[in-house]
Amino acid sequence: MNRRGLGLIIASVLVMFTASARNAMEVESSYLGGGWFEYRLRTLDDPFIKNITLGQLVPWPFTNYVEDVLPEHWTNFIPSGGWSGIMFDGAVAQPRVKEITFQVRSSFTSFRRQHFGFTSILFVETADPYFLPGGGVGGYVNLDCLIPCAPGGADGSPSNMVSSIELIPDIKIDELIHTNGEIHGVKFSWAEPSTVQLEGSHDMGQWTPITRFFGNPPQSTWTTNASLNSSGSFFRLSLVANRHFTNGLPLPTSFARSAAPGEIAIQSQQIVDGKIRLGFASVPNARYEVTYDEWSGQPLAAQQVTAVSAVTSVSFDLIESQRGGLFRVRQIKK
């Protein structure tokens, strides 16, 4: 099974392999003239991501909106009189690899580059059940793009640019640790505090979990007194969590993983007036916690709420300086 956040090393010949970075999404923005801007969002092939479902696409701030040309099954989102991008109508299933193109006109005919100006609201399912609890979460990503501006705000940017993002990076195995000709550990690089699983194989077909341990950026070394030679000639690391997750240290009895206890699926996500609003099914009088984390797993904010109906909504201020964020909901009290 292919697993994202995974590094591999061949012990017999000491050849190291690390998968090259794979961009999961990219947005191409162009100024066409006459106040018209074109945005082309692509989700790219990545075997470690099972699906990306897009919900809302927002180039922001798009000042002096006039009109637009939209793709099929996408509609304008104007919640309070101001244009807030386009929304998917949910009438058809989205293909895994897709390209969404739309054009928007402003009364301004000048433009500039906006850092993290294109926000994509999405739901992500990963092929690796370890990386995201339940296999998928709600969230957003921000990418640079071109936006309209007053003549004095133009920055001389070219009229076409492409910005991309790698959602889940790879662990890099740097070296196997040898003692008296036998393997006794591993050295690896990762940008965040981590919990990882070391696995061994004799044929690269069947993989056996060996142990789990913590790592710290930028590079970590793990060693053991016991020889690892009997575990195989090939070794790989998989990411269990982007933090020191004590409950994740015991080896699993199976690679299958279900949603975390009490985890609730997010049903809707919308950006409205600089806030992101989430909706989820709830039970009246039940207590829920909604968390807002970086893609790395580092917490940004959290809210607890008592449901009063079958559907509950919460809002978070959108942190413009963030490349993206993840949202999870869990029930904490009935």
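Of the strands (runs of 3 or more DSSP E) entirely within segment 20-74, those holding at least 2 residues that are at pLDDT 95 or above and of a type in the set (S, T, Y) occupy 25-33, 36-43.
The condition of being surrounded by 14 or more Cβ atoms within 10 Å (Cβ to Cβ) and touching a Pro at 6+ places or on another chain (Cβ under 7 Å) holds for V272.
Hey, any hits in segment 179-188 for a residue that's more than 30 Å from D144 (Cβ to Cβ), of a type in the set (S, T, Y) and modelled with pLDDT of 90 or more? Checked against the condition, which is being more than 30 Å from D144 (Cβ to Cβ), of a type in the set (S, T, Y) and modelled with pLDDT of 90 or more, segment 179-188 yields at least one hit. Answer with yes or no whether V162 is more than 24 Å from P217 (Cβ to Cβ) and among the aliphatic types (A, V, I, L, M). In short, yes. Taking segment 288-299 as the range and being surrounded by 15 or more Cβ atoms within 10 Å (Cβ to Cβ) and either assigned to a strand (DSSP E or B) or not assigned by TED's automatic domain parsing to the domain that holds L326 (or both) as the test, the residues that pass are Y288, E289, V290, T291, Y292, D293.
Residue pairs whose Cβ atoms lie under 7 Å apart, separated by 6 or more positions or on different chains, with the first residue in segment 192-209 and modelled with pLDDT under 85 and the second surrounded by fewer than 13 Cβ atoms within 10 Å (Cβ to Cβ) and of a type outside the set (S, T, N, Q), are E192/P217. For segment 225-248, the criterion of being modelled with pLDDT of 90 or more and either of a type in the set (A, V, I, L, M, F, W, C) or in a strand (DSSP E or B) (or both) is satisfied by at least one residue. Consider I86 carefully, then state whether it is crowded, with 20+ Cβ neighbours inside 10 Å and farther than 25 Å from I168 by Cβ. Yes; evaluated as a whole, the condition is true for this residue. The set of residues in segment 34-54 that are over 14 Å from F118 (Cβ atoms) and of a type outside the set (S, T, Y) comprises G34, G35, W36, L44, D45, D46, P47, F48, I49, K50, N51, I52. Does I168 qualify as being assigned to a loop (DSSP other than H, G, I, E, B) and either assigned by TED's automatic domain parsing to the domain that holds Y140 or buried (at least 17 other Cβ atoms within 10 Å of the Cβ) (or both)? Yes, satisfied. Evaluate segment 86-98: report whether one residue or more is in contact (Cβ under 8 Å) with a residue 40 or more places away in the chain and part of a strand (DSSP E or B). Yes, segment 86-98 has at least one match.
Considering only residues of segment 188-218 that are of a type in the set (D, E, K, R) and within 27 Å of N23 (Cβ to Cβ), which is surrounded by the most Cβ atoms within 10 Å (Cβ to Cβ)? Only one residue fits best here, namely E199. The number of residues in segment 150-176 being hydrophobic (A, V, I, L, M, F, W, C) and at pLDDT below 95 comes to 6. Quick check on segment 75-105: of everything there that is of a type in the set (D, E, K, R) and farther than 25 Å from N23 by Cα, which residue is modelled with the lowest pLDDT? Among those that are of a type in the set (D, E, K, R) and farther than 25 Å from N23 by Cα, it is D89.
The values are calculated or read from the model by the stated rules, or taken from the named source; none is laboratory data. Small disclaimer: the values here were computed from a predicted structure and weren't measured. Note: ideal-geometry Cβ built from the backbone for every residue, glycine included; neighbour counts use all protein chains shown.
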